[in-house]
1. Cα axis of helix A:64-77 to longest principal axis of chain A: angle in degrees, 0 to 90, nearest 10?
2. Can you give me the P(r) profile for the stretch B:40-162? Cα pairs, bins 10 angstrom wide beginning at 0, each as a whole percent.
3. Just how far, in whole angstrom, is the stretch A:30-69 from the stretch A:170-192 if you go by their alpha carbon centroids?
4. Using a 10 Å cut-off on Cβ to Cβ distances, tally the other chain neighbours for every residue of A:319-328 and report the average as a whole number.
5. Taking the Cα centroid of the stretch B:226-260 and of the stretch B:431-498, what is the distance between the two, rounded to the nearest whole Å?
6. Could you go through the stretch B:157-171 in sequence order and give the Karplus-derived ³J(HN,Hα) for each residue, using 6.51 cos²θ - 1.76 cosθ + 1.60 with θ = phi - 60°, rounded to whole Hz, and x for Gly and Pro?
7. Using only the Cα atoms, what convex hull volume per residue in Å³ does the stretch A:194-271 have?
8. Helix-only estimate, please: 222 nm mean residue ellipticity of chain A, summing -39500 (n - 2.57) across DSSP H runs of length 4 or more and dividing by its residues, to the nearest 500.
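All of the numbers you see were taken from the coordinates with simple rules; none came from a lab. In this text the structure is predicted, and so the values were computed from the model without any measurement. Every residue, glycine as well, gets a Cβ built from its backbone with ideal geometry; the counts of neighbours run over all protein chains shown.
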Amino acid sequence: MSGFGGFVLRRGVGAVITLFAISVIIYVVFYATPGNVAQITCGPRCSPEQVHQVAQQLRLDDPLYLRYWHFLEGILVGRDYSTGTAVQHCSAPCLGLSYQSDQQVTELILAKLPVSLSLVLGAMVLWLVLGVGTGMLSAWRRGRLSERVLTGITLAGTATPVFVIGLVLMIVVCGELHLLPFPQYVAFTDDPEQWAWNLLLPWLSLALIEAATFARLTRASMLETLAEDHIRTFRAYGVGERSVIGRHALRGALAPVIALNANNFGSAVGGAVLTETLFGLPGIGQELVHAVAVVDLPVVVGMVLVIGFFVVIANAVADLLYAVADRRVVLA
Amino acid sequence: MSDSPVTAPLVQVTDLTVEFGGLRAVDGLSFELAVGGALGLVGESGSGKSTVASALLGLHRDTGARLGGSVLVAGTDVGRASDEELRRLRGAKAAMVFQDPLSSLDPYYAIGDQIAEVYRVHTRASRRAARARAVEVLDRVGIPDAVRRSRSRPHEFSGGMRQRALIAMALACEPDLLIADEPTTALDVTVQAQILDLLHTLRQETGMGLLLVTHDVGVAAESVDEVLVMRHGKAVEHGSVATVLGAPREEYTRDLLSAVPRVDVSRVSPAAPSEEVVIEAVGLRREFGRGRGRFAAVDDVSLTVRRGETLGVVGESGSGKTTLGRMLVGLLEPTAGEVRYEGGVRSGVGPAVQMVFQDPVSSLNPRRSVGESIADPLRARGERDERHIRHRVGELLARVGLDAEHYDRYPHEFSGGQRQRVGIARALAADPRVIVCDEPVSALDVTTQAQVVALLGELQRELGLALVFVAHDLAVVRQVSDRVAVMRGGRIVEYGPADEVYGAPQDPYTRQLLAAVPALDPVVAARRRSARKELTAA
């Protein structure tokens, strides 16, 4: 297994390099774009002197590479900020201070992250179970009525926006049937049971749509695997259909599912804005939209970086799962 | 099942028909196979032979194929059996070995686990016992260090070892019948000989029956007692190997046999000797890969090709013969050494040296008409006059035996042999002096193969072409070549006039190759088999 250890190491180094590249690109894209940051931060009524003062405070006159260097330094070892009168220490990993509130971006994100992760992790479990299950079922029942119905439902699922499903669910389940309370975020550490009950609807509405995509992918990939020669071998040796599908076909069909899941998980951490807004969940997505609206650059950069971090980590994990499932990957 | 198993035949096929949509793949076929007997189903592609093999295990069930007639295998009526009865037949009483051993095994599981799974399906043995059985049969088929290797996945095995593993899977439940569908087609000739010898030994030891499906008459002659020649889903001739191959009654069988290239017959009309060297390789070397993965696919190869002659380059997979061919044409730059054309060093592709590729399906663009493909070299040389291009392409099509009017047809409208003719016409369009043919007939049936080989010979005589004929098939190479180079591991191990190389091989590897070629005569086959035993013992 020395090959496997080497593979993990190579993949880990690759992830770090990717993260570094992402941080450079994000930093340059946001800070090198035209527009007077000091003016925006200070507000429209500021005098030129005030604007100048703000610019100095934010060190906007330093060259871009130097500012990036300090930014990187903040992430790795922490740094000090002067807020006019006092000096604030921002310990590693420091993503800077909000222009708007002088709050530390890291703290801001840490406050929102549990909400987003709760939403996405729970929904992911649901969409995998529903999606892969439906996909397997419709591949197995190909050409029969049940398959056509399933295909119809998943097609409708991919085409329906989350606010439609979510709204309908909320009106029916909470408004009419009173089965669940209107969702309100409760921290897992405060009350795990309430946490789950309140998140059930958001999970469902996010998962239903994703599940449709996964069902279609699983079905296609399953059908492809079922047509392969080694499936014919096991059928010709009297291995039952349940084993052929559950053991041999599923394993071969899972690779693209793992890959898609990595991407969807990573992007849902910051991209579930609609779901968060609809259910009033104070997550990363909502905060990001707010920060963009008021051009709070440190917050935007910090959050985009964190989202990028999750996408990279999810993909690295997917690659490792790949390698565990199919040893040929390690050789490549 | 009131018949006594002693007298009842192992396989009884009566008036079998198989239809896919409107196509009748098998048409009223009947045959029997006695307990412990060995029958070869021989035919060209599309003859329905593999369809028969699948029908024996009921593999057409639920596929939309329509079956007629009856199939009895080891006491099971395959057509009427319930799914459960069919499942108990498959693998336990009759087991199948498929053509491509890599794709026929699950890439995700260890080989020992796959064999154990099949064993458990039929015996209810414990996991441990099944695993032990897997190791036992792997050892039986000659996998060295079977305990350790049973934990390997298929990609960690060589082609021959994978086929051994599949045979081990077939042996696991000690079936009465082994169905082998082109079991050696994907293998090198020396490995093929090993697998055929293994099947022979296993039959002698276990007494199981063998139904061998093959397009290769030689493979059948080596392995079975009886032959059934099929064409268009019908039986053409059926009898003992000696009778059918030695004194065929039917014309089709005679045609088929005469088309089979013989390794002991030299080129029919050898080229008039010429001293003019057209193309020359000097110390050619080509490396691939980086770092520790670096290796030389071709290593220090020097050879000459004279005007009007054919140089055969023969070798097994990985011998570097295709890499050499590509360097001669200029598709690959050598790492060291040089290619000289008419005395001068050349690099890159030019009109004088052209190539005909192995796979006529993938080497023609399916979205362009064959005329456009053939016209490519003309346009590449700057020809712009459409009328002239059409006229020239028409000439070329007629020259390779196709209809001059077929300019606007697409590759899928042609058969494999016709497509290869298109490939040859495209090579001719550039007015070359040398054509490098890389396995030009290995994807074709023997009768088509013979026609394409004849065409190449004709063109050579008329146009004074020098041909480099790269192939793995020793018999075909002998049939077409004036001189032969035998390659192994990137080097030429033997190089000389074809009759000398084949008649009195000097290198042990050449001798091993020649001993591995299947013989059409069962007596010769038996002699070669014992010769192989001596060679491996030595």
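1. Its long axis makes an angle of about 70 degrees.
2. Over the stretch B:40-162, the share of Cα pairs per 10 Å bin runs 12, 34, 33, 19, 2 percent.
3. First find each Cα centre; the distance between them is then 44 Å.
4. 2
5. 27
6. 9, 7, x, x, 5, 5, 5, 4, 5, 5, 5, 4, 4, 5, 6
7. So the per-residue hull volume is 104 Å³.
8. Computed mean residue ellipticity for chain A: -23500 deg cm²/dmol.
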